[in-house]
Amino acid sequence: MELIPVIGLEMHAEMKSNTKVFSPAKNSYNDISNLNVNKIDMAFPGILPLLNKECIEKAIEMALILKCDIPEIFMFDRKNYYYPDLPKGYQITQFNKPIGTNGVLTIDVDGIEKNIDILDIHLEEDSASLDHYSYFSLIDYNRAGVPLLETVTSPCMHSSKEAVAFLDTMKYIFRYTGISDADIKRGQIRCDVNVSMMEKDSKELGTKVEVKNVNNINNVEKTIEYEIKRQTELILNGKKDEIVQETRRYDEATETTITMRSKIDAIDYKYFVEPNIPPYEITSDLINDIKSRISILPNEKKLKYINELGLNIIDANNLIKNKDVSEYFDNLINLGCDIKSSVNWVLNQISDYTNSNNISINELYLTPDKLKFIIDQTILDKISSKQAKELFNKSLELQKDPKILIKELGMEQINDIDTIKDIIVNILDSNLDQIKLYKNGKTNMFDYFVGQVMKETKGKANPVLVKEILSSELDNK
Amino acid sequence: MLEELHKKLISGEITSKELLEQSLKKSKEIQKEYNPYVTICEDTKETEVNDNILSGIPYVAKDNLSTKDILTTASSNTLNNYVPFFDATVISKLKDVGACLIGKSAMDELGMGATGTTSHTGIVKNPWDKTRITAGSSSGSACLVATGVVPYALGSDTGDSIRKPAAYCGIVGYKPTYGVISRFGLFPFASSLDHVGVLTRSVKDAAIVVDNVKGKDELDMTSIDLNVNLTKSLTGNITGKRLFYIENLIDLKNYKNPSNELTSIITEFKNTLNKLEELGANVTGINIDDNLLQALFPSYLCISCAEATSNDSNLTGIIFGPRGEGDNYVDMIKNHRTKGFSSLIKRRFVIGSYVLQKENQEKYFLNAKRVRRLITEKMNNLFKEYDVMIMPASGKIAPKIENSNDVISGNEQVLENLMVIGNFGGYPSITIPNGFVENMPIGINITGNILDDANILNISYALEQSMNYKYQIAKEVE
């Protein structure tokens, strides 16, 4: 019996915005608890939600990117349940009319394109966060009311690899558009993972298990792997009945999933329309306006790199992973830098440096115009690649412009023909025996003379000029 | 009354301090007899008299309006220690014009009651007859205006919570169009039905207060501007105004055993219709399908309880309110809510939860919303032909306290709960005194189209001029 995993994802991404989705409190990650809190976030009696238009527009933007159908009216619903991280006792979300339905996202799984069906995408508010200790728990309301964008896929994926590729693609889109920072470390991406096993050639889906609130992409991968293994073993051991429709959670310590509640205990959220937010009309003008503002997306950029700049797929993939990196690269190209050199600098030296110093490329002292100087020097053969690396490192170390540093390090080339000629004449005059050897056919003596010139000029003579002048001087002998 | 007081304050005939002292003194006497207060703000300082007509004049706010640094309980034990740190918009607007808040009035717990008997501070008694109820939920506010303690009081109205107590206490109760007064800071009962409004002893006073607190509020997304000066629109001229009443509810033949009260109330109502004709208005009886009318109250119950069960989910005792006992949050919340809510409230929560359950939503909650839409469509059509609807505010006089929970059915039930139409459609609606039956005041209700507040006020104003109940103070108190 061949079993095929069937996977669907509900991906929650914390959106980037100035303020929270229903309150004027700041929406920013903060290490200090309960700093970004408004009375609305804590549900004091008499508060009312205030809808943040920035969030609506970003939600519509994402719905457009996912090629969703967009309703004419934007409205919210209440999802009612009690939990200490939910001060109002309900979450404002979208149930009846999500901002996008029926969309699709094309992803790249090991070079093969696959379409992921998007059932819906909707805007909602995040809950507070809880810190549990042995005898008590603490509530941090900084996160309460942070805008969340939830994307629900159909059960259309069949491996953890596909799921990861989907999440990565979404992550890059979020970062490119600025809809979300999609910062995994700060828990800005959380997923509910649905896994079932289907018999090959069967049309019937197996019993679905939902693993809630898996908090980063690596764990989603592990969750799926574990569930596939667990469910497959049960089926193969004739214990198919033990797979029940239930909600589980991922346990990071054991890398397993654990039962939370069964279908029978499923919560009835008693959804109804949020009465405090009037329906918000989504006009075609608004949609067109948002459409016109959508920046270039990672996939489009990748194609541009391959088709227009002639990059290979690996380099292109690596460049688009990070929006800032690709923008840095774009700036180099726009400044007229050599394409191949630019790719190498960005993906090697710069990447090594930013990684080992744990900084973003935007914090790099060597801005594209400064790096251009170094790249140009090497292209023009004014400095060797070894010198270029030295110049790069020194410039970052001393935070000094390479244009100035190149002189201070004495790297500047001698390009003056007369100067070079004088040096060559002197060298030739004191190496008459060697000239004889050369004239007698020992042509490799040419390199010997070049070496002497370089030695004399401490490597600063322009090698091209040296070769030209040397060869004409030797001819004259 | 407000105009007169303002003149006296400006001329120096009386000072804000004296007014305040009088009100506070009377507050204590009335509190002993009728129990309308949750809090009397004895430390209140008089306010400076300025050009604004409300400056220096005392008023009372219902205890479900958030008042900074003043205990606000919504008459519930779940909030019996809650002191807000922010003002409701309506409160801050009155503060800005120099009005003087002297107390917080008792109400049916969380607004969810129609009798004035379910406040955590006890029963509010009717100042015309202590053995009777005031109706609710703005019971304390109605009592304090009817006894002349203050010229006006703020209330809230989800079904008829301003207009019914006004009727039973012989005063004016007005809720403007939904959204005209911001709900920010109003402890919600049912958000889609909740209105802030005012109780006064004259139509003009109601217009004056609302003129000072109306308008779009950036803290309430459902608030709207009403670009009319209500006070100035009171001309008293109603020639050619078209009024309708629901004939099938006024025809005594449609009642099995009409009580004497009902018979007298309908007689008074018809007399008033004649008066309106004399004033130049056209009055027409129309019929509305009995089935639709019968469905109004059950639908109201479904919608209001559903929203209430959700709205009041923040009352957990975790962030505010008395902390419940228990080893974990579930037990703490359970303890807080079990101890804090009266059984009436729990019943409403159960109803609300039930009608929202996945398997029941369609049958109850969504059907209730359909009824709401049907009646609103019906009314909107009628308002194309007519200016306002006029109906008795109740088919009864204020019941005896011990009979306040009598279950009624049929057309009595419909007439008793008819004013909910004003909440379903968000229509401006006002109740004014319409005389007496068995020595108890009765009221008449006028409801108009959205944002047509000026029309209902002007018609009420004309009617008020033709009757003798303006500024009346409850008989027991006089």
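Here A:PHE74 clears all of (1) within 14 Å of chain B (Cβ to nearest Cβ); (2) under 24 Å from B:ASN311 (Cα atoms); (3) out of contact with any helix residue (DSSP H, G or I) (no Cβ under 8 Å at 6 or more places or on another chain) except the condition numbered (3).
B:THR239 satisfies every condition listed in (1) among the β-branched types (Val, Ile, Thr); (2) assigned to a strand (DSSP E or B); (3) more than 14 Å from chain A (Cβ to nearest Cβ) except (2). A:SER430 fulfils the conditions (1) surrounded by 12 or more Cβ atoms within 10 Å (Cβ to Cβ); (2) over 30 Å from A:ASN344 (Cβ atoms) except for a single criterion, (1). Taking helices (runs of 4 or more DSSP H) as the structural unit, those lying wholly within the stretch A:300-383 and holding at least 1 residues that are of a type in the set (Ser, Thr, Tyr) and in contact with a helix residue (DSSP H, G or I) (Cβ under 8 Å, 6 or more places away or on another chain) correspond to A:323-334, A:339-344, A:351-357, A:368-379.
Of all residues in the stretch B:386-404, those that are among the basic types (Lys, Arg) have Cβ atoms under 9 Å from Cβ atoms of residues that are surrounded by 24 or more Cβ atoms within 10 Å (Cβ to Cβ), 6 or more apart or on another chain, in B:LYS396/B:TYR168; B:LYS396/B:ILE265; B:LYS396/B:LEU415; B:LYS396/B:ILE442; B:LYS400/B:ILE133. For B:THR158, state whether it is closer than 22 Å to B:LYS175 by Cβ and at pLDDT 95 or above. For B:THR158, the condition - closer than 22 Å to B:LYS175 by Cβ and at pLDDT 95 or above - is met. Scanning the stretch B:333-348 for residues that are touching a helix residue (DSSP H, G or I) at 6+ places or on another chain (Cβ under 6 Å) and either without any contact (Cβ under 8 Å) to a residue 24 or more places away in the chain or more than 13 Å from B:LEU315 (Cα to Cα) (or both) returns B:SER342, B:ARG348. Residue by residue through the stretch A:111-140, note down the ones that are part of a strand (DSSP E or B), small (Gly, Ala, Ser) and away from chain B (no Cβ under 13 Å). The one that is part of a strand (DSSP E or B), small (Gly, Ala, Ser) and away from chain B (no Cβ under 13 Å): A:SER129. Give the stretch B:325-336 a look and list any residue that's more than 10 Å from chain A (Cβ to nearest Cβ) and buried (at least 20 other Cβ atoms within 10 Å of the Cβ), or say none. Of everything in the stretch B:325-336, just one residue is more than 10 Å from chain A (Cβ to nearest Cβ) and buried (at least 20 other Cβ atoms within 10 Å of the Cβ), namely B:HIS336. When only residues in the stretch A:456-473 that are assigned to a helix (DSSP H, G or I) and at pLDDT below 85 count, which is surrounded by the most Cβ atoms within 10 Å (Cβ to Cβ)? Result: A:LEU465.
Pairing each residue of the stretch A:240-255 that is on the phi > 0 side of the Ramachandran plot with any residue that is basic (Lys, Arg), provided the two are 6+ apart or on different chains, yields C-beta distances under 6 Å for A:GLU255/A:LYS222. If you check B:VAL196, B:VAL213 for being in contact with a Lys or Arg (Cβ under 8 Å, 6 or more places away or on another chain), within 14 Å of chain A (Cβ to nearest Cβ) and modelled with pLDDT of 95 or more, only one passes: B:VAL196. Please work out which residue is farthest from B:THR158 (Cα to Cα), limiting yourself to the stretch A:257-283 and to residues that are in a loop (DSSP other than H, G, I, E, B) and at the interface with chain B (Cβ under 7 Å from one of its Cβ atoms). Here the residue is A:ASP268.
Being of a type in the set (D, E, K, R), farther than 21 Å from B:CYS143 by Cβ and out of contact with any strand residue (DSSP E or B) (no Cβ under 7 Å at 6 or more places or on another chain) holds for only one residue in B:GLU29, B:GLU42, B:GLU46, B:GLU18, and it is B:GLU18. Within the stretch B:288-318, work out how many residues are assigned to a loop (DSSP other than H, G, I, E, B) and surrounded by 16 or more Cβ atoms within 10 Å (Cβ to Cβ). The qualifying residues number 5. Between A:ASN96, A:ASN80, A:ASN36, A:ASN52, the distinction of being touching a residue at least 40 places away in the same chain (Cβ under 8 Å) and more than 14 Å from every other protein chain (Cβ to nearest Cβ) belongs to A:ASN36 only.
Suppose the filter is more than 19 Å from B:THR67 (Cβ to Cβ) and among the acidic types (Asp, Glu); does B:ASP129 pass it? Yes; evaluated as a whole, the condition is true for this residue. Candidates in the stretch B:337-347 are the residues that are assigned to a helix (DSSP H, G or I) and touching a Gly at 6+ places or on another chain (Cβ under 9 Å); of these, the one that is nearest to the other protein chains (Cβ to nearest Cβ) is B:ARG337.
Total residues in the stretch A:34-60 satisfying the condition of being outside any loop (DSSP other than H, G, I, E, B) and buried (at least 23 other Cβ atoms within 10 Å of the Cβ): the figure is 4. Summed over the stretch A:317-331, the residues that are of a type in the set (A, V, I, L, M) and either under 12 Å from A:ASN344 (Cα atoms) or touching a Cys at 6+ places or on another chain (Cβ under 9 Å) (or both) give a count of 1. Among the candidates A:ILE420, A:ILE424, A:ILE414, A:ILE435, the residue that is modelled with pLDDT under 85 and either within 16 Å of A:ASP475 (Cβ to Cβ) or touching a strand residue (DSSP E or B) at 6+ places or on another chain (Cβ under 7 Å) (or both) is uniquely A:ILE414.
Take the residues in the stretch B:178-193 that are of a type in the set (Ser, Thr, Tyr) and within 9 Å of another protein chain (Cβ to nearest Cβ), then tell me which one is farthest from B:LYS68 (Cα to Cα).
My answer is B:SER192.
How many residues are crowded, with 16+ Cβ neighbours inside 10 Å, among the β-branched types (Val, Ile, Thr) and in a helix (DSSP H, G or I) when one looks only at the stretch A:405-427? Looking only at that region, the number is 5.
Quick check: is even one residue across the stretch B:391-398 polar (S, T, N, Q) and at pLDDT below 95? No, the stretch B:391-398 has no match at all.
Count of the stretch B:40-74 residues, restricted to those that are assigned to a strand (DSSP E or B) and either over 18 Å from B:LEU154 (Cβ atoms) or among the basic types (Lys, Arg) (or both), is 1.
Within the stretch B:41-76, the set of residues being within 14 Å of chain A (Cβ to nearest Cβ), buried (at least 19 other Cβ atoms within 10 Å of the Cβ) and not aliphatic (A, V, I, L, M) comprises B:LYS62, B:ASP63, B:ASN64, B:SER66, B:THR67, B:THR72, B:THR73, B:SER75, B:SER76.
Restricting attention to the stretch B:246-270, the residues that are touching a residue at least 24 places away in the same chain (Cβ under 8 Å) and either hydrophobic (A, V, I, L, M, F, W, C) or within 28 Å of B:TYR461 (Cα to Cα) (or both) total 12.
The listed residues are B:ILE375, B:ILE351, B:ILE408, and the only one of them that is away from chain A (no Cβ under 12 Å), surrounded by 14 or more Cβ atoms within 10 Å (Cβ to Cβ), at pLDDT below 95 and in contact with a helix residue (DSSP H, G or I) (Cβ under 7 Å, 6 or more places away or on another chain) turns out to be B:ILE408.
The values are calculated or read from the model by the stated rules, or taken from the named source; none is laboratory data. Everything quoted here is computed from the prediction, not taken from an experiment. No Cβ is skipped: glycine too gets one built from the backbone with ideal geometry, and neighbour counts run over all protein chains shown.
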